[in-house]
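The values are calculated or read from the model by the stated rules, or taken from the named source; none is laboratory data. Source: prediction; values computed, not measured. Cβ sites come from the backbone with ideal geometry, for glycine too, and all protein chains shown count toward neighbours.
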Amino acid sequence: MKTTRTIASPKQQLTTRLLQGSVILVGLALAVFANRATAATPVTTTFQVTATVISACTVSGSSLNFGNTLDSLSSSTPVDATSTVSVSCSNTTPYTVSLNAGANAGGASNYASRTMKSGSDTLAYQLYLDSGRSTVWGDGTSSSSAKNGTGSGSTQSLTVYGRLPSLANAVPGSYTDTVTVTISY
C-alpha cells in the first residue's frame, strides 16, 4: 500500500500556524484573566493591639538632722527639724506612705518610744505629718496616722516634721535611729 502525503502550501502552513498560535494566546489570556479575577477579590482580617500598664510606685527618704551642736544646757524648748520623703507613683494610683517606729523603739508600731541611741544612751524624738506636730506619722495603728495620696506620674515631696521634745539630762554623743518607709499602693 502506498501512502500519499499531501504537502500543504506555504500559505496553508502559515494559516495553520497562525490559527494554532491564536488558540494558544486565547488560552493564556483566559488563564490570566481567571487568575486576576480571583486575585482581585481582597481578603481581610483583623488583629488586636494591646498593652497593660501596671500601677507602680517608688519611695525614698532624706536624713532628718536635728543638728550637730545641740547644747542641752541652753535649750529649754523642743528642737524641730524636717526632712523629705519622695514618692513617685504612676498617674492616678492611690498610695499610702507609712513610717515604722524606728530600730530603737522596741517594736515597729511602738511610736511613743521612738528614740535615737548613742551607745546605751537614748534621746526621745517624734515624727509628725503636720507642721503643728500634732499627728504622729506611723502606719495608722497605736494612735498614729499614715499619709495618703494619689500618684501624678511625677515625684511628689512629702515633708516629715521631727521634734526632740527635750534635751534635759541628755548625755553628750552622736545619736542615730533608722526609720523604715513603706509605700502601699
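A compact table of results
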read-out	value
Residue, farthest from Val181 (Cα to Cα), within the range 16-62, restricted to residues that are at pLDDT 70 or above, of a type in the set (Ser, Thr, Tyr) and surrounded by 10 or more Cβ atoms within 10 Å (Cβ to Cβ)	Ser55
Condition check for Ala40: touching a residue at least 12 places away in the same chain (Cβ under 8 Å), among the aliphatic types (A, V, I, L, M) and over 17 Å from Thr159 (Cα atoms)	no
Count - residues of the range 151-185 that are outside any loop (DSSP other than H, G, I, E, B) and under 24 Å from Ser134 (Cβ atoms)	13
Yes/no for Thr96 being in contact with a Lys or Arg (Cβ under 9 Å, 6 or more places away or on another chain), β-branched (Val, Ile, Thr) and in contact (Cβ under 8 Å) with a residue 24 or more places away in the chain	yes
Tyr185 vs. criteria out of contact with any Asp or Glu (no Cβ under 6 Å at 6 or more places or on another chain) and surrounded by 18 or more Cβ atoms within 10 Å (Cβ to Cβ)	no
Matching residues in the range 139-169 - criterion: being buried (at least 16 other Cβ atoms within 10 Å of the Cβ), of a type in the set (Gly, Ala, Ser) and over 30 Å from Ser72 (Cβ atoms)	Ser145, Ala146, Gly149, Gly151
Filtered residues of the range 137-176 (kept if more than 16 Å from Tyr125 (Cα to Cα) and in contact with a Pro (Cβ under 9 Å, 6 or more places away or on another chain))	Asn148, Gly149, Thr150, Gly151
Matching residues in the range 140-150 - criterion: being part of a loop (DSSP other than H, G, I, E, B) and either under 20 Å from Ser55 (Cβ atoms) or out of contact with any Leu (no Cβ under 9 Å at 6 or more places or on another chain) (or both)	Gly140, Thr141, Ser142, Ser143, Ala146
Boolean, Thr92 is exposed (fewer than 15 other Cβ atoms within 10 Å of the Cβ) and not small (Gly, Ala, Ser)	yes
Single residue of Ala105, Ala112 found to be part of a loop (DSSP other than H, G, I, E, B) and among the aliphatic types (A, V, I, L, M)	Ala105
